[in-house]
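Every number here is computed from the coordinates shown, using simple stated rules; none is lab data. Worth saying up front: this structure is predicted, and the values here are computed from it rather than measured. Every residue, glycine as well, gets a Cβ built from its backbone with ideal geometry; the counts of neighbours run over all protein chains shown.
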Amino acid sequence: MLNEIELKRQVWHSRRGMLELDVLLGPFAAHALPLVTAAQQQVYVRLLSQQDPDLFAWFMGHRESDDKELAAMVALVQDYAQSGQISA
């Protein structure tokens, strides 16, 4: 699991150069990231290492990541953005 400092770092890294990504990633990192599993947290860290144009395409449904773990994380973030809850 990410410690408190690492969680705060991921909240900061969730601030991207695109408003659309900020709206999706910021609330997820601040409220849901502490609640997911350690493995999901590591996938989220990997997700943030991707380029903004790729993230935008994935979140807007224009493309899907070839990496199944990243695709699942995109779906989890999208579900959280719609419902405000972590899906099981």
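Tally Lys/Arg at +1 and Asp/Glu at -1 over every other residue whose Cβ is under 13 Å from the Cβ of Phe59; what's the total?
-4
What is the local net charge at Leu21, summed over the other residues whose Cβ is closer than 12 Å to its Cβ (Lys, Arg +1; Asp, Glu -1)?
-2
Can you put Phe59, Phe28 in order of Cβ neighbours within 10 angstrom, beginning with the fewest? Before the final figure, lay out the partial values.
Values: Phe59 19, Phe28 23.
Going from sparsest to densest Cβ surroundings: Phe59, Phe28.
Any chance you could give the angle, 0 to 90 degrees and rounded to 10, that helix 38-48 forms with the longest Cα principal axis of the chain?
So the helix axis and the longest Cα principal axis differ by about 50 degrees.
Can you compute the helix-only [θ] at 222 nm over the chain? Use -39500 (n - 2.57) per DSSP H run of at least 4 residues, normalise by all residues, nearest 500 deg cm²/dmol.
-18500 deg cm²/dmol
With +1 on the Cβ of every Lys and Arg and -1 on the Cβ of every Asp and Glu, and nothing else charged, how large is the dipole of the chain about its Cα centre, in debye rounded to the nearest 20?
Details: 7 positive and 11 negative charges, 40 e Å.
Rounded to the nearest 20 debye, it is 200 debye.
Treating the angle as unsigned and between 0 and 90°, give the value, to the nearest 10°, between the Cα long axis of helix 4-13 and the longest Cα principal axis of the chain.
20
Points 7 angstrom from Cα along the Cβ direction at Gln51 and His31: gap in nanometres?
Simple spin-label model gives 3.2 nm for this pair.
Only sites in a loop by DSSP and with at most 15 other Cβ atoms within 10 Å count here; which trypsin sites (Lys or Arg not before Pro) in the chain make the cut?
Filter output for the chain: Arg15, Arg63.
May I ask you to work out the translational diffusion coefficient for segment 4-83 at 25 °C, viscosity 0.890 mPa s, via Stokes-Einstein with Rh from the Kirkwood sum over Cα pairs, reported in whole µm²/s? Intermediate results must be reported in sequence, preceding the final value.
Values: Rh = 12.4 Å.
Estimated diffusion coefficient is 198 µm²/s.
Roughly how tilted is helix 68-83, in degrees to the nearest 10 and between 0 and 90, from the longest Cα axis of the chain?
On a 0 to 90 degree scale, this one is about 80.
In whole Hz, what ³J(HN,Hα) sequence does segment 59-64 give by Karplus (6.51, -1.76, 1.60; θ = phi - 60°), x for Gly and Pro?
These are the phi-based 3J(HN,Hα) values: 6, 8, x, 6, 8, 10 Hz.
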